[in-house]
Amino acid sequence: MAGSGDIDEAAIDRAAAVLRGGGLVAFPTETVYGLGADAADGAAVTRVFQVKGRPPSHPLIVHLGDAGRLDGWAEDVPATARSLAERFWPGPLTLVLRRGRRVPLETTGGLDTVAVRVPAHPVALALLAAFGGGIAAPSANRFGSVSPTTAGHVHAELGDAVDLVLDGGPCQVGVESTIVDATSDTLSVLRPGGVTREDLEAALGRPLAVPVTSHIRVPGQHPSHYAPRARVVLVEPGEVIAEAELAQESGRQVGVLLPSALAGAEVKAHAVVTVPASIPAYARGLYGFLRELDQRGCDLIIASLPAEQGLGAAIANRLRRAAGPRPAA
Ligand code: TXA
Ligand code: MG
């Protein structure tokens, strides 16, 4: 299918049929590509976990075609959650709510809550409309690795393990959705993402709690996640060049995510990607940059954190997790 966002109706119909048959469809959203299965089909959802290599206790997000379809998927939806859904859907906001009767425990990793969102991508919305039900979809990557933001990334990650890949071009947001615990009117952000804290607070007219630990288990939030193959080390922006050159001299193949303020500086390293000065452009490109540095053979990536405002908070969160401790090899 064309990468321009044109809808290939025949491909959408084939994809909906694959979902109805219990198969897996990778599809574009505005954030990252998802690996979708019928959210109401426990066996299909189990295949998603197998293909990703993801522990079955890590719950999936249920994607819906519009906010009016929450019935059966979520229960006891608080008024505040409804108003956020109205304001931000379709869009990169995921709401954690009480699990509805249509959601099997496979989808929620055994939890009595369910994460739901309406994605803002024409291909995803066309697929949801053709399918009619909810689509459970984690990011379409192997567990722990970098999320795919193009159909090419999905093929590289999952190959033939997926029944069908819908190509909707590069994702426009580039980092995953913001996850908000909306089970009560005391909201908290479980994962920063495409909808900024500032936007949420403006919509609510009040500040949001910053949970140190939430009462809700947040699987997928363990230290090493969103990680490229190369080890990632975070340093102060002013130290990036010196640290990179030191490591390169000591025999590492160093990749650099060069802060935009240092654009044009000469860096004696294996590979250098200068990050865009625009934070939305940085978010859009982030996972592609990490993949590129992997592909160019880097074994170490030196990076620094952007200011943690707006989408910068999501970028910083993903870089910290990419730099998190790895399980012993
Ligand atoms: O932008 C996105 O959110 C993308 C696209 C495909 O929609 N999806 C995505 O899914 O990032 P995934 O599986 O990679 O991350 C979903 C995260 C889980 O790791 C978990 O932290 C959280 O959502 N989650 C899901 N259900 C939850 C629940 N009931 N309670 C708390 N957290 C939950
Ligand atoms: Mg993921």
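The values are calculated or read from the model by the stated rules, or taken from the named source; none is laboratory data. On a predicted model such as this, the values are computed, not experimentally measured, just so you know. Here the Cβ positions follow ideal geometry from the backbone for every residue, glycine too, while neighbour counts run over all protein chains shown.
Residue count for the stretch 156-196, restricted to those that are among the charged types (D, E, K, R) and within 26 Å of Phe289 (Cα to Cα): 5.
Yes or no: the stretch 236-244 includes at least one residue that is acidic (Asp, Glu) and in contact with a Ser or Thr (Cβ under 9 Å, 6 or more places away or on another chain). Yes, some residue in the stretch 236-244 is acidic (Asp, Glu) and in contact with a Ser or Thr (Cβ under 9 Å, 6 or more places away or on another chain).
In the stretch 48-76, how many are assigned to a strand (DSSP E or B) and either of a type in the set (Asp, Glu) or touching a Phe, Trp or Tyr at 6+ places or on another chain (Cβ under 8 Å) (or both)?
If we filter the stretch 48-76 for residues that are assigned to a strand (DSSP E or B), which is where we start, we get 61-63, 71, 74-75.
Subsequent filtering for residues that are either of a type in the set (Asp, Glu) or touching a Phe, Trp or Tyr at 6+ places or on another chain (Cβ under 8 Å) (or both) retains 62, 71, 75.
Total meeting the criteria: 3.
Test of understanding: among Thr149, Thr94, which residue is out of contact with any His (no Cβ under 8 Å at 6 or more places or on another chain), outside any loop (DSSP other than H, G, I, E, B) and surrounded by 24 or more Cβ atoms within 10 Å (Cβ to Cβ)? Exactly one residue qualifies, and that residue is Thr94.
Scanning the stretch 58-78 turns up no residue that is surrounded by fewer than 17 Cβ atoms within 10 Å (Cβ to Cβ) and in contact with an Asp or Glu (Cβ under 8 Å, 6 or more places away or on another chain). Kindly evaluate Ala242 against the criterion of being at pLDDT 90 or above and exposed (fewer than 15 other Cβ atoms within 10 Å of the Cβ). Answer is yes for this residue.
Restricting attention to the stretch 17-33, which residues are surrounded by fewer than 22 Cβ atoms within 10 Å (Cβ to Cβ) and away from ligand 2 (no atom under 16 Å from the Cβ)? Please lay out each step first, then the result.
Taking the stretch 17-33 and keeping what is surrounded by fewer than 22 Cβ atoms within 10 Å (Cβ to Cβ), we get 17-18, 20-23, 30.
Result: Ala17, Val18, Arg20, Gly21, Gly22, Gly23.
Of all the listed residues (Ala281, Ala316, Ala328, Ala263), the sole one being at pLDDT below 95, away from ligand 2 (no atom under 16 Å from the Cβ) and out of contact with any helix residue (DSSP H, G or I) (no Cβ under 8 Å at 6 or more places or on another chain) is Ala328. There is at least one residue in the stretch 9-29 that is within 13 Å of ligand 1 (Cβ to nearest atom) and touching a His at 6+ places or on another chain (Cβ under 6 Å).
The set of residues in the stretch 17-47 being under 18 Å from Ala151 (Cβ atoms) and in a helix (DSSP H, G or I) consists of Val18, Leu19.
Of the residues Ala281, Ala261, Ala316, the single one that is outside the structural domain of Pro170 (by TED's automatic domain parsing) and either in a loop (DSSP other than H, G, I, E, B) or surrounded by 15 or more Cβ atoms within 10 Å (Cβ to Cβ) (or both) is Ala316.
When the stretch 13-54 is examined, which residues are found to be farther than 19 Å from Asn141 by Cα and free of Cβ contacts under 8 Å to residues at least 12 places away in the same chain? Listed by number, the residues that qualify are Ala17, Gly21. A single member of Val123, Val162, Val103 is farther than 20 Å from Arg318 by Cα and within 10 Å of ligand 1 (Cβ to nearest atom), and it is Val103. Only one of the numbered conditions (1) within 13 Å of ligand 1 (Cβ to nearest atom); (2) hydrophobic (A, V, I, L, M, F, W, C); (3) closer than 22 Å to Gln172 by Cβ; (4) more than 16 Å from the chain's Cα centre (by Cα) is violated by Val116, and that is (4). Evaluated against (1) in contact (Cβ under 8 Å) with a residue 24 or more places away in the chain; (2) surrounded by fewer than 19 Cβ atoms within 10 Å (Cβ to Cβ); (3) of a type outside the set (Phe, Trp, Tyr), Gly159 falls short on exactly one condition, (1). What residue, among those in the stretch 110-156 that are free of Cβ contacts under 8 Å to residues at least 60 places away in the same chain and under 23 Å from Arg191 (Cα atoms), is farthest from ligand 2 (Cβ to nearest atom)? In this case the residue turns out to be Asp112.
Would you be able to tell me the number of residues in the stretch 170-211 that are touching a residue at least 60 places away in the same chain (Cβ under 8 Å) and within 11 Å of ligand 1 (Cβ to nearest atom)? Steps first, answer last, please.
Keep residues of the stretch 170-211 that are touching a residue at least 60 places away in the same chain (Cβ under 8 Å), which gives 170-185, 187, 190-200, 203-204.
If we keep only those that are within 11 Å of ligand 1 (Cβ to nearest atom) as well, we get 171, 173-183, 190-191, 193-195.
Matching residues across the stretch 170-211 total 17.
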